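Have a look at the structure below before the remarks.
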């Protein structure tokens, strides 16, 4: 019976990433996977969901894990298949993203031209909601790095999106300065519930691994 219940919902299970240390109380009650300084937690989408909204998703707790008689690995396998399929991915130049938020068509046209020379990209899901989880998508970072022909830095701008920075050869990134900037923005510009991390991440094309910069 338990597995039958899981089979009914497994195609709607997705994941999101949150900061580990600031969610200790939450993590005590939900199945999760530790990843770098983050935690991967799981939600069940409603089949009728059209637009993402917290009212239309259900956080999966430890009681569901027991009821369904499944493991965290089972949830991770299901979410690993479903999240990219259901939520998709959206990659935009950072200038276009700013223009979109400002609802300025003329700025958008300028941004699209200038982005040919500005190696900064905002990466999220198609809803721009809990979209930082795209860093977990199979081969996504590998594909982005291959397209840019470069290793990449990942700035965790919020739980909803990340910023990808091309690692320019012979141009040393001030990682300490970037970390200070990330921490400052998190402290002054984001609600605590939307802060993902104060860390800067680095993806290596050679190792296909995301790690701390």
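Values in this text are rule-based calculations from the coordinates and carry no lab data. Keep in mind that this is a model prediction, so the values were computed, not measured. Glycine also receives a Cβ, built like all others from the backbone with ideal geometry; neighbour counts cover every protein chain displayed.
For the stretch 128-213, rounded, prolate or oblate, judged on the Cα gyration tensor with a ≥ b ≥ c (square roots of eigenvalues), a/c < 1.5 rounded, else prolate if a/b > b/c?
Numbers: a/c = 2.46, a/b = 1.34, b/c = 1.84.
Cα axes put the stretch 128-213 in the oblate bin.
Fewest to most neighbouring Cβ within 10 Å: what's the order for 188, 81? It would help to have the intermediate numbers written out before the result.
Numbers: 188 7, 81 15.
Arranged by neighbour count, lowest to highest, 188, 81 become 188, 81.
Going by C-beta contacts inside 10 Å, put 13, 182 in order with the fewest on the left.
Working: 13 26, 182 20.
So the ranking, lowest neighbour count to highest, is 182, 13.
Sort 185, 152 by Cβ crowding within 10 Å, fewest neighbours at the top.
185, 152
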